[in-house]
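Student: One structure, pasted below without further comment.
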Amino acid sequence: MAISYERDDLAPLTSRLKLIPAHDGLFLLRNSLAIPRLLYLLRTAPCFKSIELQNYDILLQSSLSSLLNVDLSDDRWVQASLPVRWGGIGIRSAAQLASSAFLASAAGTKDLVNLLLPTHLQSEEDPEVDDALSQWMDLGGTEKPIIESIQSLWDDSVCKATYNNLLMSAKDSTSKARLLAAVSESSGAWLNALPMSSIGLKLDNNAIRIAVGLRLGSPLVRSHKCKCSAQVDDNGLHGLSCRQSAGRQLRHKLLNDIVQRALTSANIPAVLEPTGMFRGDGKRPDGMTLMHWARGRSLVWDATCPDTFAASHISQSSTEAGSAAAQAELKKQSKYDAIAQTHEFIPIAVETSGVWGEHGLNFVCDLGKRISNISGDQKATCYLKQRISMAIQHGNAIAILGTLPAGQSLELYSD
């Protein structure tokens, strides 16, 4: 009964989210209105037995679909309801989380409960815990976690099984590449950012719709012909690699601007496209520091954003996340071999799906630590990753919008 009351209270709140920007609404739904309102009840009562949890999830699925204007089929909702680290959006499913929450709470309070019970009752097993454990195993749980009082450890086992089922049932290479990318380190950093436009961490309604749609594989546009004459499918992926799409240049510019500003925050001034420095083909690198970075050498960097779903990458992307970024980094190192003899050269590759190349990720982590040492902000690395991740999503949105005929709005093509 209590769950039905919570659902009735949630319904009008979620309907009002459409009155504010979609990114703000998504943040509130995830962090305040969805599972956070229900979590205490899930941990303290055997709610996992209630069919009302399914109705609660149906409301969340409908609310998320309405808020973001995305088509959430059941499979997409399953992915969306996973934590960000498992490739989801973080709007958790109450039915999936209930048994993990109850088991963790029961384990954490077991000693206290035993102090309250008579001695002859302390050794008896709680039948509710047995039922919760049975349901947890039905959801995909395998071995009990080492520390049974930590909810995330119980939950991870179920999420892993759910994610693996999604990956095994993926219908094509694009879906596999998308799912592999979604669980890669920092690919979902934009989802964990506070939606603050003053520091570039907020997406407009179309951009957040496209970002979520790309992550979940939702249709983004109606099939149409790009201005380059190529046919664009309803997933809109052609725009991410189309040479006539403005988003490609925007992603590149934003990425370099963020790196330059971050270096300045670390008290290492840098310039973009330094004059007098050229690689073998006559082109300049994206940036260079005016002070030594390591080994008494200045840092030279060159950034790129390869498309995870491009025809030239999809065969590898569908088997190994980050393969497009790794290949792009190798190409950059080859082109800058001469400059690397006298400078510290770093290739920065971030795929359109948000997957990082190894060298670029290590560089950003190093740069974030240097900023932390100066500012004292221990989350500097996290914020830097979020800004770059958000820039990639913003560029993706512009790239997909750029495939539409001149004068047409994206809504005209949306489902």
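Student: Hey, which of these cross-link pairs are over 27 Å Cα-Cα: LYS160/LYS253; LYS18/LYS202; LYS160/LYS385?
Tutor: The answer is LYS160/LYS253.
Student: While we're on this one: Around SER99, with a cut-off of 10 angstrom between Cβ atoms, what is the net charge of the other residues, counting Lys and Arg +1 and Asp and Glu -1?
Tutor: My count for the surroundings of SER99 gives -2.
Student: In addition: Can you return the lysines within cross-link range of LYS110? Criterion is Cα-Cα under 25 Å, with same-chain partners fewer than 8 residues away left out.
Tutor: Correct list for LYS110: LYS49, LYS144.
Student: While we're on this one: Compute for the chain: radius of gyration divided by Kirkwood radius, i.e. Rg/Rh, restricted to C-alpha atoms, rounded to two decimals.
Tutor: On the way: Rg = 23.9 Å, Rh = 23.3 Å.
Reported Rg/Rh, Kirkwood definition of Rh: 1.03.
Student: Taking the Cα-to-Cβ direction at HIS292 and at ASP75 and moving 7 Å from each Cα, how far apart do the two end points lie in nm?
Tutor: Each label point is offset 7 Å from its Cα along the Cβ direction, giving 5.6 nm.
Student: How large is Rg/Rh for region 46-130, to two decimals, with Cα atoms and a Kirkwood Rh?
Tutor: 1.17
Student: Full-extension gain between LYS253 and ASP233, please, as 0.36 nm times their residue separation minus the C-alpha to C-alpha distance. Can you show the working numbers first?
Tutor: Numbers: separation 20, 0.36 × 20 = 7.20 nm, distance 2.70 nm.
Answer, rounded to one decimal: 4.5 nm.
Student: Express the relative contact order of the chain as a whole percentage, based on alpha carbon pairs under 8 Å and six or more residues apart in sequence.
Tutor: Relative contact order comes out at 17 percent.
Student: Using a Förster distance of 35 Å, how high is the FRET efficiency between PHE278 and ALA311, based on the Cβ-Cβ distance and rounded to 0.05?
Tutor: Working: r = 31 Å, r/R0 = 0.89.
In this case the efficiency is close to 0.65.
Student: Let me ask something additional. With a 1.4 Å probe and all protein chains left in place, how much accessible area per residue does the chain have, in Å²?
Tutor: Normalised by residue count, the accessible surface of the chain is 47 Å².
Student: For region 288-353, run through the trypsin sites (Lys or Arg not before Pro) and keep only the ones in DSSP coil with at most 13 other Cβ atoms within 10 Å of their Cβ.
Tutor: Sparse-neighbourhood loop trypsin sites (Lys or Arg not before Pro): ARG295.
Student: Now a separate question. Mind checking the dipole of the chain: about its Cα centre, +1 per Lys or Arg Cβ, -1 per Asp or Glu Cβ, Debye to the nearest 20?
Tutor: Roughly 1940 debye, rounded to the nearest 20.
Student: Report the extension gain between SER375 and SER197 in nm, rounded to one decimal, defined as 0.36 nm multiplied by the number of residues separating them, less their alpha carbon distance.
Tutor: 61.9 nm
Student: Of all DSSP beta bridges located in the chain, what percent are antiparallel, nearest 5?
Tutor: Given both bridge residues lie in the chain, the antiparallel proportion sits at roughly 60 percent.
Student: Using a 10 Å cut-off on Cβ atoms, rank the peptides 179-189, 21-31 from the highest mean neighbour count down.
Tutor: Final packing ranking: 179-189, 21-31.
Student: Any chance you could run the full-extension gain for ARG261 through ARG16? It's 0.36 nm times the residue separation minus the Cα-Cα distance, nm to one decimal. Mind dumping the intermediate values first?
Tutor: Values: separation 245, 0.36 × 245 = 88.20 nm, distance 3.75 nm.
Full extension from ARG261 to ARG16 adds 84.5 nm.
Student: What aspartates and glutamates sit close enough to LYS379 to cross-link, taking a C-alpha to C-alpha distance under 18 Å and skipping anything fewer than 8 places away on the same chain?
Tutor: Within reach: GLU185, ASP366.
Student: Could you work out what % of the accessible surface of the chain is carbon and sulfur, using a 1.4 angstrom probe and leaving DNA, RNA and ligands out of the count? Before the final figure, lay out each step's value.
Tutor: Working: 10090 of 19400 Å².
Within the chain, the accessible surface is 52 percent carbon and sulfur.
Student: What are the membrane-span-like helices in the chain by this rule: whole DSSP H runs, Cα extent along the axis at least 20 Å, mean Kyte-Doolittle hydropathy at least -0.5?
Tutor: Numbers: long enough: 2-16 (22 Å, -0.60); 52-68 (24 Å, 0.31); 94-108 (21 Å, 1.11); 151-168 (26 Å, -0.23); 246-265 (29 Å, -0.45); 358-375 (25 Å, -0.11); 380-401 (32 Å, 0.54).
Flagged H segments are 52-68, 94-108, 151-168, 246-265, 358-375, 380-401.
Student: Which whole-number percentage describes the relative contact order of region 284-406, with Cα contacts under 8 Å and a sequence gap of 6 or more?
Tutor: The normalised contact order for region 284-406 reaches 20 percent.
The values are calculated or read from the model by the stated rules, or taken from the named source; none is laboratory data. Values in this document were obtained by computation on a predicted structure and should not be read as measured data. Neighbour counts run over all protein chains shown; Cβ positions are idealised from the backbone, glycine included. When the accessible area is computed, the model is the full protein with side chains, heavy atoms only, and any ligands, DNA or RNA have been set aside. Shrake-Rupley method; radii C 1.70, N 1.55, O 1.52, S 1.80 Å.
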